[in-house]
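Enquirer: Attaching a single structure in structure tokens format; questions to follow.
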Amino acid sequence: MTDADINRAAPLTFRASLGEKLFVTLTAVFMGVLALFMLIATVGGFVAGLFLGLFLLFVALVIIALTFLVAKEAFSRWRLYAHLEGGTLTALLPRRRGFIDQPRDRVTIALADIERIETRHESFASIGVTTGQQAYAIVKRDGERIFLGADREWVPPFFGRLASEIAARAGLTIADLGMVDGDSGFLLVAAQSVPDWAAPSLSAPEIALRGRRRARTAAIMGGVALLVVLAQLLSRR
């Protein structure tokens, strides 16, 4: 696009859909209620016996940690915002915009100041489950890198659409840096991390292997979901 084309382009705003926001918010509320129930059950568990009480306490703490994670996700979905108008990108990028928490960032960038847009796939493996996210970053002409965010698997894409629109308006192509392995930490709940953007990509055979593992994970999750549905149907007879 020329500068005149950019200025004539219709303003475009990116937000998470209302359905996504409500779903994650209601999930956080449900998990909060479940965490409260488990804390009450833990008290009864200690009355019944030390071992049972400790086990229920561990389960309750895990659920509480997951509840905080989902609540943070819900908060981020409501705040996430990007707007393109007149050759300028303005955005509010919350901490939770991928598997890895980032510094919260408010950005205002002239598209003419963007040198390139980069993307890479970040793969995570934990307890036999392999998943991943497609991450996107803007690199300005002065060398500053701004991490937009990452679209996780099974979540409607947001940052990919935003990066594509920025690239189209700025007359850029998105540089694909391949794939890297991330550290899943504790079940992608705590202490997870990814390599620096300068890290080299995995080889083609390694990328293919991660793809097969993700496909196997999807098949397993689909099978579990099917078993749950069948169990519910049979229990009604």
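Enquirer: Please compute the net charge surrounding Gly143, taking Lys and Arg as +1 and Asp and Glu as -1 over other residues with Cβ under 15 Å from its Cβ. Could the numbers behind the result be given before it?
Expert: Values: positive: Arg116, Lys140, Arg141, Arg145; negative: Asp113, Glu115, Glu118, Asp142, Glu144, Asp196.
Neighbourhood net charge equals -2.
Enquirer: Something else about it: For the chain, what is the calculated [θ] at 222 nm in deg cm²/dmol (nearest 500), taking -39500 (n - 2.57) for each run of four or more DSSP H residues and dividing by its residue count?
Expert: Computed ellipticity for the chain at 222 nm equals -16500 deg cm²/dmol.
Enquirer: Where does helix 204-235 land angle-wise versus the long Cα axis of the chain, in degrees 0 to 90, nearest 10?
Expert: 40 degrees
Enquirer: Taking only Cα atoms, what is the 0 to 90° angle, nearest 10, from helix 50-79's long axis to the longest principal axis of the chain?
Expert: On a 0 to 90 degree scale, this one is about 20.
Enquirer: Please label the shape of the stretch 69-147 as rounded, prolate or oblate, based on the square roots a ≥ b ≥ c of the eigenvalues of the alpha-carbon gyration tensor (a/c under 1.5 means rounded; beyond that, a/b larger than b/c means prolate, else oblate).
Expert: Because a/c hits 1.5 or more and a/b fails to exceed b/c, the stretch 69-147 counts as oblate.
Enquirer: Please work out the Cα center distance from the stretch 173-199 to the stretch 52-111, rounded to the nearest Å.
Expert: Each part reduced to its Cα centre gives a spacing of 17 Å.
Enquirer: For the stretch 14-20, take each phi angle, set θ = phi - 60°, evaluate the Karplus expression 6.51 cos²θ - 1.76 cosθ + 1.60, and give the result in whole Hz per residue in order, putting x for glycine and proline.
Expert: Running phi through 6.51 cos²θ - 1.76 cosθ + 1.60 with θ = phi - 60° gives 10, 9, 5, 5, 4, x, 4 Hz.
Enquirer: Hey, another quick one. How compact is the chain by the rule of thumb for globular proteins, expressed as Cα Rg over 2.2 N^0.38 Å?
Expert: Compactness ratio reported: 1.22.
Enquirer: Sticking with this one: At what distance in nm do the modelled label points of Ala65 and Arg79 sit from each other, each positioned 7 Å from its Cα along Cα→Cβ?
Expert: Computed distance between label sites Ala65 and Arg79 equals 2.3 nm.
Enquirer: Taking 0.36 nm per residue of sequence separation and subtracting the Cα-Cα distance, how much length would be gained by fully extending the chain between Thr88 and Lys140, in nm to one decimal?
Expert: 17.4 nm
Enquirer: Each residue of the stretch 174-186 in order: what ³J(HN,Hα) in whole Hz does its phi give by Karplus 6.51 cos²θ - 1.76 cosθ + 1.60, θ = phi - 60°, with x for Gly and Pro?
Expert: So the Karplus estimates, Gly and Pro as x, are 8, 7, 8, 8, x, 9, 10, 8, x, 8, 6, x, 8 Hz.
Enquirer: Any number yet on Rg/Rh for the stretch 2-117, C-alpha, Kirkwood?
Expert: 1.26
Enquirer: Summing Lys, Arg as +1 and Asp, Glu as -1, what charge do residues with Cβ under 13 Å from the Cβ of Asp101 carry, Asp101 excluded?
Expert: +3
Enquirer: Rank Arg106, Arg216, Arg95, Arg120 by accessible area, highest first, at a 1.4 Å probe radius? The partial results should precede the final answer.
Expert: Working: Arg106 175, Arg216 135, Arg95 105, Arg120 5 Å².
Largest accessible area first, the residues go Arg106, Arg216, Arg95, Arg120.
Enquirer: Between Leu22, Ala48, Ser203, whose Cα lies farthest towards the positive end of the dipole of the chain when Lys and Arg beta carbons carry +1 and Asp and Glu beta carbons carry -1, centred on the Cα centre?
Expert: Ala48
The values are calculated or read from the model by the stated rules, or taken from the named source; none is laboratory data. On a predicted model such as this, the values are computed, not experimentally measured, just so you know. Backbone-built Cβ (ideal geometry, glycine too); neighbour counts: all protein chains shown. We work out accessible area using only protein heavy atoms, side chains counted, and drop any ligands, DNA or RNA first. Shrake-Rupley method; radii C 1.70, N 1.55, O 1.52, S 1.80 Å.
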